[in-house]
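Read-outs throughout are calculated quantities, based only on the coordinates presented, and are distinct from any laboratory measurement. These numbers were taken from a predicted model, which means no experiment stands behind them. Positions of Cβ are backbone-derived with ideal geometry, glycine not excepted, and every protein chain shown enters the neighbour counts.
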Amino acid sequence: MIRFLRDRKVRDVLWQALATVGLVVVVVFFVRNASDNMVKAGIASGFQFLWRDSGIEVPFNITGYKPALIIPWNFVAIGGGIIVGVSLLASLWPAIWVARAQPLDLLQAGRAAT
């Protein structure tokens, strides 16, 4: 048994298992403690409130004014064009740079980097 515990790999696994069990025990303790205290305080947890009514009637139309939805398509098209143009430029720039370089220069630059 002593030889078994003297192996570094075995000790590492045992320490990891001990740390994991300890962490699980601490988490279980805190979760149970919080749950018990919430029950004692009468606080509910969870997402059941999403399916309940609030009890307050909320009018969606306060003033009676309903504006028409106007989308400025020209600005949307210009913004989309700018985004596509910058994306193409950013993606093609390295390809163009590599295509214009001599293969020997690229190999020498790679050797200097290491």
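Quick notes on this one:
- Residue pairs whose Cβ atoms lie under 9 Å apart, separated by 6 or more positions or on different chains, with the first residue in the stretch 91-109 and in a helix (DSSP H, G or I) and the second among the small types (G, A, S), are A109/A101.
- Cβ-Cβ distances below 7 Å connect no pair with a first residue in the stretch 1-23 that is touching a residue at least 12 places away in the same chain (Cβ under 8 Å), a second residue that is in a helix (DSSP H, G or I), and a separation of six or more residues or different chains.
- Condition met for L88 (without any contact (Cβ under 8 Å) to a residue 24 or more places away in the chain, loosely packed, with under 10 Cβ neighbours inside 10 Å and not basic (K, R)): no
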